[in-house]
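A short worksheet on the structure shown next.
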């Protein structure tokens, strides 16, 4: 995922952001109207790749599970037999953590340039 989005970010022309800011766009408007539309193909492609890879890893994990199930297998079994708010909270925490880590990586790489 990071490779696809990162490769797209390397092609991003910062002049577009600077032009929007010079035309009095707010930082949020620049992100919403310039950055996200530019990254949309990479984000969609990364989503599809991650989705397909997760199925591959899930099948391997479910067949080779030992006495202690891994997180994906545990979540799957809980979803299959009962749906609780805890599952939603755990899924939200995982997505939030990964998104936060990706944003930190992006900011750190941007500062290096």
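Observations on the model:
- Packing order of peptides 70-76, 86-92, highest average first: 70-76, 86-92 (average count of other Cβ atoms within 10 Å over each peptide's residues).
- Given R0 = 41 Å, the distance between the Cβ atoms of residue 24 and residue 2 translates into a calculated FRET efficiency of 0.80.
- Computed E for residue 108/residue 88 - FRET, C-beta separation, R0 30 angstrom, nearest 0.05: 0.50
- Residue 79/residue 40 FRET efficiency (R0 22 Å; Cβ-Cβ; nearest 0.05): 0.15
- Projected over all directions and averaged, the alpha-carbon convex hull of the chain occupies 9.4 nm².
A short reminder: the numbers here are calculations on the coordinates, not readings from a lab. Since this is a predicted model, take the numbers as computed values, not measurements. All Cβ positions, even for glycine, are placed from backbone atoms using ideal geometry, and neighbour counts span all protein chains on display.
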